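The values are calculated or read from the model by the stated rules, or taken from the named source; none is laboratory data. Quantities reported herein were computed from a predicted structural model and do not represent experimental measurements. All Cβ positions, glycine included, derive from the backbone under ideal geometry; neighbour counts span all protein chains shown. Only protein heavy atoms, including side chains, enter the accessible area calculation; ligands, DNA and RNA are left aside. Shrake-Rupley method; radii C 1.70, N 1.55, O 1.52, S 1.80 Å.
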Amino acid sequence: MKIFTAILLIWLSITFSSTDAAHWESTGVATMKQDGITMTETITPTSKEHVLSVTLEVSMKDERWQLQDVPFGQQEILLLSPLVIAPSPPRLSREEAQEEKGRLLFRLCKGVRFVDQQLPADVIINDDRLCWQVEEAMQEEKTNHVQLSFLIEADPHESGYQSESGHIIQLYSDFIYVKAADDKQMILQKMVVPSGKIRYWY
């Protein structure tokens with residue numbers, strides 16, 4: 001009985017010490033550059049257990065920023081995606097284009113949720129999606145470089161999206177902007193940022 005008790009105490013000691021030592025660690029910054037636009041995503045641990053901080057940054061070169069103000073007229077509006085090569089890109093209605101243009105969509109994976117928090121009026125959270133109206137934020141702040149930080153909580157035991165390089169806590173981020181425009185046609189482009197990763201060490 002004493003031997004069993006000793007083994008149990010050793011096992012509990014190892015278990016609790018390893019749990020105490022468990023921690024999150026960022027695997028780096030995800031950056032994407034396209035058409036004079038740079039998107040950067042940084043995920044870092046916080047002092048609160050399993051709560052992570054996400055910072056999104058979007059910057060545009062002056063000529064790209066100015067093009068975002070082109071008004072909607074009677075042009076045909078097309079949406080190009082880097083993920084799909086199609087001879088005939090999908091056409092958008094003016095209402096769809098107004099909703100899509102200038103917005104950044106950030107979507108979480110299973111086992112991760114947004115923490116309740118106060119965010120700017122140009123940010124909307126709906127279940128596992130965060131929608132940030134980047135163009136609106138740039139116009140309000142009168143700058144072509146904006147950033148947004150928010151908190152998420154991750155379940156370290158969720159195994160569905162683990163890889164050798166870390167936990168994948170989001171499905172994707174994408175940003176839609178004006179690539180080109182004239183009197184006949186407006187071309188919107190979707191920009192996709194690779195998913196940031198973060199390790200959980202036991």
³J(HN,Hα), Karplus 6.51/-1.76/1.60, whole Hz, each residue of the range 149-158, x for Gly, Pro: 10, 8, 10, 10, 10, 10, 8, x, 8, 6
Accessible area (Å², 1.4 Å probe, nearest 10) - residue 131: 40
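About the Cα centre of the range 24-132, how large is the charge dipole given +1 on each Lys and Arg Cβ and -1 on each Asp and Glu Cβ? Please answer in debye to the nearest 20. Don't skip to the answer; put the middle values down first.
Numbers: 12 positive and 17 negative charges, 43 e Å.
Approximately 200 debye in magnitude.
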Span per principal axis, largest first, for the Cα atoms of the range 115-202 (Å): 57, 29, 23
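With all protein chains present and a 1.4 Å probe, how do 157, 145 order by accessible area, largest first? Don't skip to the answer; put the middle values down first.
Working: 157 135, 145 85 Å².
Heavy-atom accessible area, descending, gives 157, 145.
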The range 94-202: GluC sites (Glu not before Pro) in DSSP coil with no more than 12 other Cβ atoms inside 10 Å: 164
Diffusion constant of the range 25-122 at 4 °C, which comes from Stokes-Einstein with the Kirkwood Cα-pair radius and 1.567 mPa s, µm²/s: 77
Listed residue (133, 88, 146) projecting farthest to the positive dipole end of the range 87-165, Cβ model: 88
Cα-centred dipole magnitude for the range 144-200, charges only on beta-carbon of K, R (+1) and D, E (-1), debye, nearest 20: 200
Accessible surface of residue 33 - all protein chains present, 1.4 Å probe, nearest 10 Å²: 150
